[in-house]
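Since the structure comes first, as structure tokens, the remarks are kept for the end.
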Amino acid sequence: MTNLRLASIVISLALATGCDATSGMGHPEGKISDMNMRRAAEEADAIMQRTLSGVKPELRWNHGPSNDKTCIDVNNDSSGTGSVKRRISIMTIVSKERRGNLLGVVERDWRARGYRITGVRASAEVPAIYAATPDDFRMRVAVGGEGQFFFSITTPCFTESAVPDPATEPNTAQRAGDYPQPPDVHDEFWSSSGPLPTSSSSAS
């Protein structure tokens, strides 16, 4: 997906960033109605890993900070539920010429999995795509400063519980310093500023 194509996409639905006490409850198939924050965080981690697995060549990544948030009811009181936000920072250097391609790969993967694209930030420098799963887990892939890619996911509100750190192992060593650490892994495809290989599936 080129930057020009990205810029032509019109945001069809604003991303809902808040949560309420009933969000995620009463799923028609009964799959998540008894989920708590711990299980929601584990599901969020699994969704992130499925997203990463859909990108070829493989990206190098590390976990970003995880945040928990108490959900409030209509009276602005605690509802006994909370949501979890997980982040992943991409340590692969993605060239400006490849940003649109990576965004396109992620968008197509999300659509193929039945996720709904909820919004697009059509920016030449810091573009982003937002999506939601059928269970309303809200996802974002975004380009930050110096072209670094970030993935994040926010769960709906579920019964409050302790939330552990992600159990999934990053595929590159944690860097020293404050978050976010700048990408430093060169990839023959993603870091290249040359023309796309015609046989590459990532370029299609």
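Nothing in this text is a laboratory measurement; each read-out follows from the coordinates by a stated rule. Given the structure is predicted, the values throughout are model-derived calculations rather than measurements. Quick reminder, even Gly has a Cβ in these numbers, built from the backbone with ideal geometry, and neighbours come from all protein chains shown.
Remarks
- Using only side-chain charges placed at the Cβ, +1 for Lys and Arg and -1 for Asp and Glu, the dipole size of region 45-135 relative to its Cα centre rounds to 440 debye.
- Taking the Cα centre of region 54-94 as origin and assigning +1 to Lys and Arg Cβ atoms and -1 to Asp and Glu Cβ atoms, the resulting dipole is close to 320 debye.
- For Thr81, the residues whose amide H sits under 5 Å from its own are Cys71, Glu160, ignoring neighbours fewer than 5 places away on the same chain, with H placed 1.01 Å from N.
- Spin-label model distance (nm) - Val185 vs Asn171, 7 Å beyond Cα toward Cβ: 0.7
- For trypsin sites (Lys or Arg not before Pro), the sites in region 110-166 that DSSP calls loop and that have at most 14 other Cβ atoms within 10 Å are Arg113.
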